[in-house]
Amino acid sequence: MPLEGTCEGQMACSTCHVIVAREWFVKLPEASEEEEDMLDLAADVQPTSRLSCQIVLDKEMDGLTVRIPDASVNAQGF
Ligand code: FES
């Protein structure tokens, strides 16, 4: 997927913003306060938005479905 991940998982950009399919979103651990704060700055935020750099993948996540929002904002200003 064409995701940038500009800050390499430091929760300082939001270029890794994805919208998780509802059936998968409920299976994810809750977002941290820091992740929620960064999502507040992202474009096209939806109820199932997450920063993909904060999603830890394991075998149970096989088949996780996400989509990239139509718009994006890089909070680092790039
Ligand atoms: S890569 Fe920057 S917040 Fe995820």
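The values are calculated or read from the model by the stated rules, or taken from the named source; none is laboratory data. Just so it is clear, the structure is predicted and the values come from calculations on it, not from any experiment. Glycine gets a Cβ as well: all are built from the backbone with ideal geometry, and neighbour counts include every protein chain shown. Accessible surface areas use protein heavy atoms only, side chains included; no ligands, DNA or RNA. Shrake-Rupley method; radii C 1.70, N 1.55, O 1.52, S 1.80 Å.
Brief remarks follow.
- The dipole here belongs to the chain: it is taken about the Cα centre, uses +1 on the Cβ of Lys and Arg and -1 on the Cβ of Asp and Glu, and is about 300 debye.
- Accessible surface of the range 22-67, 1.4 Å probe, proportion on carbon and sulfur as whole %: 49
- Solvent-accessible surface of protein heavy atoms, probed at 1.4 angstrom with all chains present, puts L3, L57 in the order L57, L3, largest first.
- Given charges at Cβ of Lys, Arg, Asp, Glu: the chain dipole, positive-most of I19, I55, M38: I19
- Surface accessible to a 1.4 Å probe, per residue, for the residues of the chain, Å²: 66
- Where GluC sites (Glu not before Pro) fall in DSSP loop in the range 4-41, at most 12 other Cβ within 10 Å: E8, E30
- The range 22-67, dipole about Cα centre (Lys/Arg Cβ +1, Asp/Glu Cβ -1), debye to the nearest 20: 320
- Accessible area of D44 in the full protein assembly, 1.4 Å probe (Å², nearest 10): 60
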